[in-house]
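Below you'll find the structure, written out as structure tokens, and then a few comments.
The values are calculated or read from the model by the stated rules, or taken from the named source; none is laboratory data. On a predicted model such as this, the values are computed, not experimentally measured, just so you know. Note that we place each Cβ from the backbone using ideal geometry, even for glycine, and neighbour counts take in every protein chain shown.
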Ligand SMILES: Nc1ncnc2c1ncn2[C@@H]1O[C@H](COP(=O)(O)OP(=O)(O)O)[C@@H](O)[C@H]1O
Ligand SMILES: [Mg+2]
């Protein structure tokens with residue numbers, strides 16, 4: 001039947017019923033529509049900008065910005081260029097994302113393993129943590145930490161303090177800044193030597209284990225060495241390090257390092273919110289490893305901790321990594337909510353202030369999108385490398 | 001007639017290695033409950049050193065639960081279990097000691113899929129017995145040769161057939177140099193053509209004088225190697241005896257019914 005009809009209706013119909021041809025045609029049509037759509041938007045914006053007398057191109061990046069930024073990891077003031085503004089914002093974004101990823105991973109793993117604990121209190125607390133922070137919108141949490149907690153702290157004169165060194169008030173967390181003096185170089189040198197020593201110790205311990213079977217607490221001793229040796233030298237040299245301790249001058253603190261409440265609030269919110277999701281990922285990852293694995297380990301006499309470390313976690317990681325990557329990407333992108341409380345991240349200073357002042361919408365939006373895309377692809381790339389290494393070999 | 005019996009072609013009977021009078025496992029009036037459910041109802045058993053015991057019985061009768069109590073993968077609530085002179089209690093040191101002496105082979109192998117065959121075999125000797133890695137690897141190779149798969153040492157479990165995986169699991173247990181081996185239906189997850197290769201390894205192990213407790217429905221295997229066959233039903237030991245009497249002249253009606261079912265299917 002079908003055959004007859006095709007032959008009768010000639011060349012075009014035969015072509016149209018070829019699945020490859022049909023698929024290609026639809027793909028080309030779709031591509032054309034998409035290109036036309038973006039082309040129109042682009043044309044439109046460029047026309048608008050020309051009408052308002054804004055020149056296109058990246059020339060604006062070298063113009064002076066004329067606005068200050070509350071926090072910068074590189075020297076910055078308002079006489080510097082918009083290009084500099086971009087870097088300040090980018091570094092602030094990377095700072096909060098990087099710290100957030102590390103902290104959220106640590107908290108997430110602890111809470112995730114805690115939920116599976118046989119200890120009722122530990123598992124209940126972990127469950128409450130997850131259910132609370134996972135179910136409240138992130139923006140609300142940022143506002144909570146910022147307005148309800150950090151901005152509500154006492155003013156500088158009534159700061160909470162630890163040992164007249166650390167001060168916490170509504171202007172931020174003030175820490176002593178290290179001022180190295182002569183002789184500190186020796187201490188750094190000893191630290192480097194201790195690190196090398198620790199690596200050698202670890203290797204030696206492994207060799208010895210392979211040769212004699214005796215196990216040596218290389219990790220613990222190594223850590224003690226890396227901390228202890230420089231400390232001893234440091235004290236022996238008469239503490240060649242001065243601390244720039246923050247001091248109350250008038251209405252505010254001078255000196256030291258300050259972590260502004262905007263950074264604190266954003267970091268807290270991102271960490272806690274993402275950690276709640278990571279905890280669930282870790283829990284389900286561990287539960288995905290069959291119970292038989294735990295039983296086989298127990299039957300062989302392996303201890304619970306050893307089983308978790310050598311048998312369960314390595315297998316759970318295969319399940320954990322892909323969704324964990326998504327969480328890292330989410331955290332990085334969510335850091336752009338910084339704009340809501342005025343933390344000077346990339347979106348806030350570049351897509352916000354810079355765009356408002358220059359009107360270079362197309363360029364700025366494009367650059368910003370490109371930056372986030374690059375960060376995201378880099379994270380995915382790194383996680384994929386790890387994932388490939390952890391993949392199981394099957395037949 | 002059971003097909004496996006012909007497959008194995010028993011060399012008559014494997015000579016008994018049981019040492020009379022030396023009980024290595026003693027189970028005295030042992031009870032276990034899952035919540036309200038009384039799974040094991042007063043089991044009594046003495047196993048001599050080198051004795052080979054086959055446990056059979058209908059599904060759900062508590063066979064797995066019973067042998068899992070012997071290395072305390074399950075806890076019993078009443079009665080005593082004494083393994084190699086050590087009573088199984090909540091004392092963690094006792095449990096650690098017992099688990100070093102008692103090897104276990106599971107129905108579904110439970111190999112570690114992220115480790116190679118060799119690493120599977122070396123993990124416990126290195127971390128539990130503190131054997132040097134080199135030595136652990138040599139021991140592992142020795143046992144892999146005994147189960148006839150030394151050439152697969154560098155492969156991962158997922159790359160092996162079911163029969164090969166189960167033989168690796170046996171080698172992995174043997175690497176801990178256990179005094180007692182427990183088997184929980186080691187061949188029932190295998191395709192028929194792979195059952196023989198695993199049973200052959202188990203027969204060889206029996207010949208070497210290992211104390212073995214084996215839950216299985218392979219009656220050919222039972223006839224070849226067992227010193228004693230135990231029939232369990234509804235959490236009780238209904239009948240036990242040497243294979244000749246157990247199969248030739250079962251006393252209990254329940255045993256006869258069970259034997260008829262598995263021999264006829
Ligand atoms: N973890 C458990 N919780 C509750 N009941 C269980 C559990 N494990 C086994 N059972 C029950 O105990 C009985 C005996 O099980 P099992 O020892 O596995 O029997 P068998 O190995 O003889 O087939 C079965 O009725 C089973 O449903
Ligand atoms: Mg069973």
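Restricting A:326, A:348 to residues that are modelled with pLDDT of 90 or more, in a helix (DSSP H, G or I) and in contact with a helix residue (DSSP H, G or I) (Cβ under 7 Å, 6 or more places away or on another chain) narrows the list to A:348. Residues in the range B:30-46 that are within 21 Å of residue B:180 (Cβ to Cβ) and away from ligand 2 (no atom under 16 Å from the Cβ): B:30, B:44, B:45, B:46. Within the range B:180-194, being at pLDDT 95 or above and more than 16 Å from ligand 1 (Cβ to nearest atom) holds for B:180, B:181.
Criterion applied to B:64, B:59 was being without any contact (Cβ under 8 Å) to a residue 24 or more places away in the chain, within 16 Å of ligand 2 (Cβ to nearest atom) and either touching a helix residue (DSSP H, G or I) at 6+ places or on another chain (Cβ under 7 Å) or within 29 Å of residue B:261 (Cβ to Cβ) (or both), and the one residue passing it is B:59.
In the set A:35, A:70, A:88, which member is within 36 Å of the chain's Cα centre (by Cα) and assigned by TED's automatic domain parsing to the domain that holds residue A:278? Being within 36 Å of the chain's Cα centre (by Cα) and assigned by TED's automatic domain parsing to the domain that holds residue A:278 holds for just one of A:35, A:70, A:88, which is A:88. The criterion of at least 1 residues that are away from ligand 1 (no atom under 16 Å from the Cβ) and surrounded by fewer than 16 Cβ atoms within 10 Å (Cβ to Cβ) is met by the following strands (runs of 3 or more DSSP E) wholly inside the range B:41-123: B:78-83. Counting only strands (runs of 3 or more DSSP E) wholly contained in the range A:149-220, the ones carrying 3 or more residues that are at pLDDT 85 or above occupy A:166-169, A:172-175. Of all the criteria given as (1) assigned to a helix (DSSP H, G or I); (2) surrounded by fewer than 22 Cβ atoms within 10 Å (Cβ to Cβ); (3) more than 14 Å from every other protein chain (Cβ to nearest Cβ), the one not satisfied by residue A:321 is (3).
Scanning the range B:195-218 for residues that are more than 14 Å from chain A (Cβ to nearest Cβ) and within 16 Å of ligand 1 (Cβ to nearest atom) turns up B:214, B:215, B:216, B:217, B:218. Look at (1) over 27 Å from the mean Cα position of the chain (by Cα); (2) touching a residue at least 40 places away in the same chain (Cβ under 8 Å) and you find that residue A:167 fails only one, number (1).
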